[in-house]
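Notes follow once the structure below has been shown.
The values are calculated or read from the model by the stated rules, or taken from the named source; none is laboratory data. Keep in mind that what you see is a predicted model, and the values were worked out from it rather than measured. Every residue, glycine among them, receives a Cβ derived from its backbone with ideal geometry; neighbour counts consider all protein chains shown.
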Amino acid sequence: MVQNNCSRHTLRAYAADLNVFCAFLKQRGWQNLMQLDRKRIQEYIHEAPAPVRSPGLIRKISALRSFLGYLVEEGKLSRNLLSGLRFPKREKRLPQFLTEREVVRLLSSPVPLSSPLRERDCALLELLYSSGLRREEVCRLDIPDVDFFSGFVRVMGKGSRERLVPVGQTALAALRAYLEARAMTFHRQAPLFVSRKGGRLTPDSIFLIVKRWARAARFARNITPHTFRHSFATHLLDRGCDLKSVQEMLGHRSLGTTQIYTHVTLERLKKVYEKSHPRSF
């Protein structure tokens, strides 16, 4: 079974879900896929250890629907047993983001690092906030992908879709400082961000770097690389950027995916109104 336009994390999660499903069938002695029926499918879903409307349960159903569709294509089943069944939709949660002051606070964290690691981390965090890139996208960047003259970075996003994203002067200056600090060690045709040993930085490494800086800045709540992405989009909309432009910069295929940020900005607008208007209460 091949899933198009899925990240490696999604594929790994789908595989784990399907292994659980296969174990469920084996435990009940259902060795033949032709024995499957809607009752047994629903029994598996109802026994899944995940709250209703949770992302985990929605993903399990999605993985199973794709798997059953594959079995239909291969002639193992006559129809997709999940077709026509209604399941709970994922509960929409507002994205967690940093305020502009909190961004400054995090980027000036007193992390005890020597050059060029400190320059690397500073450039990495500035780029995350300046461009709203996913951590997987940042990992794939090579030095030539950054156009310092025009102020753009070339990104390969989900589904191998390439896009150009503008980068602010603060982030570009941080990137220059980082590259100058490692210029004597690494050639120009190399990964943009590298580890201590010189290999390409991994998504897990970026996650740990963000955690380290957030801890040094004494943030009590959970801060992840995606928090920078949410902050990027929210601050752009707060300052008047149109939703379509934000969609293109984030690399969202659907405008509906980007619209969740309008709820954030409208909620903040309402709070400002309630604090400021004399007849708001």
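What the table shows:
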{"read-out": "Test: Phe149 is part of a loop (DSSP other than H, G, I, E, B), modelled with pLDDT of 90 or more and surrounded by fewer than 16 Cβ atoms within 10 Å (Cβ to Cβ)", "value": "yes"}
{"read-out": "Residue check for Pro95: in contact with a His (Cβ under 7 Å, 6 or more places away or on another chain), closer than 30 Å to Trp213 by Cα and at pLDDT 80 or above", "value": "yes"}
{"read-out": "Single residue of the range 182-200 satisfying the filter (surrounded by 13 or more Cβ atoms within 10 Å (Cβ to Cβ), out of contact with any Lys or Arg (no Cβ under 8 Å at 6 or more places or on another chain) and of a type in the set (A, V, I, L, M)) that is modelled with the highest pLDDT", "value": "Leu192"}
{"read-out": "Checklist (1) in a helix (DSSP H, G or I); (2) closer than 23 Å to Leu106 by Cβ applied to Leu133, failing item", "value": "(1)"}
{"read-out": "Out of Phe207, Phe232, sole residue that is surrounded by fewer than 16 Cβ atoms within 10 Å (Cβ to Cβ), part of a helix (DSSP H, G or I) and either assigned by TED's automatic domain parsing to the domain that holds Pro116 or out of contact with any Leu (no Cβ under 6 Å at 6 or more places or on another chain) (or both)", "value": "Phe207"}
{"read-out": "Single condition Arg176 does not satisfy, out of (1) in contact (Cβ under 8 Å) with a residue 40 or more places away in the chain; (2) on the phi < 0 side of the Ramachandran plot; (3) in a helix (DSSP H, G or I)", "value": "(1)"}
{"read-out": "Residue count for the range 154-174, restricted to those that are in contact with a helix residue (DSSP H, G or I) (Cβ under 6 Å, 6 or more places away or on another chain) and among the basic types (Lys, Arg)", "value": "1"}
{"read-out": "Residue selected from the range 235-281 under the condition in contact with a strand residue (DSSP E or B) (Cβ under 9 Å, 6 or more places away or on another chain) and assigned to a helix (DSSP H, G or I), by the criterion nearest to Arg134 (Cα to Cα)", "value": "Leu250"}
{"read-out": "Any hit, the range 212-225, residues being free of Cβ contacts under 8 Å to residues at least 40 places away in the same chain, among the aliphatic types (A, V, I, L, M) and assigned to a loop (DSSP other than H, G, I, E, B)", "value": "yes"}
{"read-out": "Within the range 242-281, tally of residues that are at pLDDT 85 or above and either outside the structural domain of Ser160 (by TED's automatic domain parsing) or touching a Gly at 6+ places or on another chain (Cβ under 7 Å) (or both)", "value": "3"}
{"read-out": "Those residues of the range 121-146 which are hydrophobic (A, V, I, L, M, F, W, C), in contact (Cβ under 8 Å) with a residue 60 or more places away in the chain and buried (at least 22 other Cβ atoms within 10 Å of the Cβ), in sequence order", "value": "Ala123, Leu124, Leu125, Leu128, Leu133"}
{"read-out": "Output for the range 194-204, where each listed residue is in contact (Cβ under 8 Å) with a residue 24 or more places away in the chain and under 18 Å from the mean Cα position of the chain (by Cα)", "value": "Leu201, Thr202, Pro203"}
{"read-out": "Residue within the range 73-85 that is closer than 28 Å to Ala13 by Cβ, under 27 Å from the mean Cα position of the chain (by Cα) and either at pLDDT 80 or above or among the hydrophobic types (A, V, I, L, M, F, W, C) (or both) present", "value": "no"}
